[in-house]
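Data block below; observations after.
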Amino acid sequence: MIEQIDHIGIAVPSIEEALPLFRDILGLAYEGDDLVEEQGVRVAFLRAGQVMIELLEPTGPDTPVGKFLSRRGPGIHHVAMRTGDIHAARERVAGAGVRLLSDAPRDGAHGKLISFMHPKDTLGVLLELTQRRHEE
Ligand code: CMX
């Protein structure tokens, strides 16, 4: 059902201030940024082989990432699992009793479809299902 880890989301107060570590010191290729207004977050992608690092900067304090930062500070926010069929993946996890945080897949960065599972049902780790649009 899951093909690979798609990306690891890291919450940061400022993408601009986080970029020197990931891009300049670690040497990851910067692959652009995006504003996901629905989630209240600006994201920047850096390639680490087949997996992306997604830096997440909140657009305000009353957003999921803004609240995460104020409670915990910067750190790993979520792990995204890539699937070729997000609808089937949603049915499978929901059938196992894992709560999904939306009634249907939502639009994520770079035109992907995404769905989050509740971290209370996934061992404290916020897990995201993600499907690239062209695979629909
Ligand atoms: N990882 C693990 N646990 C998390 C978490 C995270 N990223 N975010 C919140 N939690 C935990 C909190 O620690 C808290 O636990 P306790 O009750 O034990 O203290 C609990 O979840 C509730 O946290 P909260 O701050 O009160 O936040 P809410 O209940 O309002 O929301 C959640 C929590 C997960 C439902 C919400 O953050 C959410 O909907 N997240 C999914 C959307 C999202 O994160 N979008 C940004 C990324 C966008 C993208 O990648 O495109």
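The values are calculated or read from the model by the stated rules, or taken from the named source; none is laboratory data. Source: prediction; values computed, not measured. Don't worry about glycine lacking a Cβ; one is built from the backbone with ideal geometry, like all the others, and counts go over all protein chains shown. SASA here: full protein model, heavy atoms, side chains in, ligands and nucleic acids out. Shrake-Rupley method; radii C 1.70, N 1.55, O 1.52, S 1.80 Å.
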Q | Entirely in segment 1-78, the strands (runs of 3 or more DSSP E) that have 3 or more residues that are among the small types (Gly, Ala, Ser) and free of Cβ contacts under 8 Å to residues at least 40 places away in the same chain | A | none
Q: Check whether at least one residue in segment 47-66 is more than 20 Å from residue 119 (Cβ to Cβ) and either within 9 Å of the ligand (Cβ to nearest atom) or among the aromatic types (Phe, Trp, Tyr) (or both), and report yes or no.
A: no
Q: Give the residues of segment 112-121 that are open to solvent by less than 40 Å² (accessible area, probe 1.4 Å) and either farther than 17 Å from residue 97 by Cβ or among the basic types (Lys, Arg) (or both), sorted by residue number.
A: 112, 113, 114
(Q) I'm trying to understand the selection: among the residues of segment 1-38, which are open to solvent by 80 Å² or more (accessible area, probe 1.4 Å) and of a type in the set (Val, Ile, Thr)? (A) 25
Q: Go through 80, 109 for me and flag whichever is surrounded by 11 or more Cβ atoms within 10 Å (Cβ to Cβ) and modelled with pLDDT under 95.
A: 109
**Q.** Selection within segment 118-136 - within 9 Å of the ligand (Cβ to nearest atom) and touching a helix residue (DSSP H, G or I) at 6+ places or on another chain (Cβ under 7 Å)
**A.** 125, 126
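Quick grid of which residues meet (1) part of a strand (DSSP E or B); (2) surrounded by 15 or more Cβ atoms within 10 Å (Cβ to Cβ):
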{"site": "84", "(1), (2)": "no, no"}
{"site": "90", "(1), (2)": "no, yes"}
{"site": "103", "(1), (2)": "no, no"}
{"site": "123", "(1), (2)": "no, no"}
{"site": "128", "(1), (2)": "yes, yes"}
